[in-house]
Amino acid sequence: MGKLWANSGDSHLVEPDDLFETRLPQDLADRMPRSVKDEDGAWETVYVDGQEFRRRMPKPGTAARSFSDDDGLTERRMIGGRDVVSRLKDLDDEGVWGELTYPSLGIWSFNIRDPKLALAGSMALNDWAMEMQNASPRLVCTAAIPLIDIDDAVNEAKRCREMGFAAVSLPTRPGLSGKVQHNYVDPFFDPLWDILNDMEMRLCFHIGTEPHTPDERTGVVHRGRGGAILNYTETTFGGQRAAAQMVASGALDIRPKLKVVISEGGSGWVPFVADRLDEAFRQHSGAVSPKLSRLPGEIMYDQVYASFQHDYRSSVMALTAGGYQNSMFGSDYPHWEGTFGHTQKTLHELFDDVSPEASRRIRIGAFQELFPHVPQPPADEA
């Protein structure tokens, strides 16, 4: 089989162990996210801002399409997560060109409740991410934005744009601002939406990034029969909710240059949610506020992009059968559940029976539409 190239709408950086110690005063660094694994490697405890979150670690070789203990991919993933030269070699081997990247441990920063700590931690994380992005034009790093104080959020977005960021990342559900629990329909966020629209920075949400409450500290909702499948499936709902809030609230309607990316949550859901939003807009119009200038489904199809990994049926069909043009492939490199080690096999299974136009749109086109500054990938090999 010839080599297919794809951009990735979902990848990650792996922060150095001493990232915050080397960039922040010790009293702040001690409260930033850090990971401690049990001696047997079976469990991990994440400490952040006086909180502890406990979760079970995956076992190598337990995923049908993942790494094994002796194939060398485990070590390569960790090196490539932090070293751009090694990363680009891995990407070239896999056929992945441009990457939209998120933090790894830094995602836990959304659990911080102190505005001073949230801002300082975001700035440290973003300074390091920009060093990574500057090492290769193929990397599009997302800037972490502190949300506790909206002025801090706006100012950090401006600073990051001046540094060269083209995208920001937010949790799929915002946490506390002071003592107020917000969601993304609130006018509280309007200044941030305005500046992102004006600067044409992409607004990115990675699934599973909701701040945890005390009763969710293991990240487990369902236990017992079917629990693992249900927990994994329901992580996708947060991305759908965030996208629907941005559409229904009018945030996107009045800001046509504001584009939203939902990463790692699949894309087959978009036609269904768009239809459901349209039905509510039509059938319950008396209760609808604000009155949108277009059907909400049209806004979603136009301004919301979504990435997937292994969704062999729904995500490709979202384009070929549902007309949704903004599906993007995502490798999730270097995370263990991603496609590293079998990306070419996955791409061929996804696209060998798809028209060349649809294949290229999902693999290359939608990503390049969002990030036109990224160089073109090599030509596919026959």
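Scan region 92-149 residue by residue and report those that are over 16 Å from L19 (Cα atoms), without any contact (Cβ under 8 Å) to a residue 60 or more places away in the chain and either in contact with a Lys or Arg (Cβ under 9 Å, 6 or more places away or on another chain) or in a loop (DSSP other than H, G, I, E, B) (or both). Of everything in region 92-149, those that are over 16 Å from L19 (Cα atoms), without any contact (Cβ under 8 Å) to a residue 60 or more places away in the chain and either in contact with a Lys or Arg (Cβ under 9 Å, 6 or more places away or on another chain) or in a loop (DSSP other than H, G, I, E, B) (or both) turn out to be A135, S136, L139, I145, P146, L147, I148, D149.
Listed by first and then second residue, the pairs with beta-carbon distance under 6 Å, at least 6 apart or on different chains, first residue in region 154-168 and within 18 Å of K259 (Cβ to Cβ), second aromatic (F, W, Y) and surrounded by fewer than 21 Cβ atoms within 10 Å (Cβ to Cβ), are A166/F371. Of all residues in region 152-192 being more than 20 Å from the chain's Cα centre (by Cα) and small (G, A, S), which is modelled with the highest pLDDT? It comes out as S177.
Can you tell me which of A366, A379, A318 is assigned to a helix (DSSP H, G or I) and more than 21 Å from T233 (Cβ to Cβ)?
Details: A379 fails: assigned to a helix (DSSP H, G or I); A318 fails: more than 21 Å from T233 (Cβ to Cβ).
Sole residue among the options that is assigned to a helix (DSSP H, G or I) and more than 21 Å from T233 (Cβ to Cβ): A366.
Set side by side, the residues Y305, Y333 differ, and just one is touching an Asp or Glu at 6+ places or on another chain (Cβ under 8 Å), of a type outside the set (D, E, K, R) and surrounded by 21 or more Cβ atoms within 10 Å (Cβ to Cβ), which is Y333. In region 290-315, the residue that is nearest to F351 (Cα to Cα) out of those that are in a helix (DSSP H, G or I) and at pLDDT 95 or above is Y301. Note on region 220-243: among residues that are of a type in the set (G, A, S) and under 16 Å from the mean Cα position of the chain (by Cα), the one that is surrounded by the most Cβ atoms within 10 Å (Cβ to Cβ) is A243.
Here M328 does not fit the description of being at pLDDT 95 or above, out of contact with any strand residue (DSSP E or B) (no Cβ under 8 Å at 6 or more places or on another chain), surrounded by 16 or more Cβ atoms within 10 Å (Cβ to Cβ) and among the hydrophobic types (A, V, I, L, M, F, W, C).
The values are calculated or read from the model by the stated rules, or taken from the named source; none is laboratory data. Small disclaimer: the values here were computed from a predicted structure and weren't measured. No Cβ is skipped: glycine too gets one built from the backbone with ideal geometry, and neighbour counts run over all protein chains shown.
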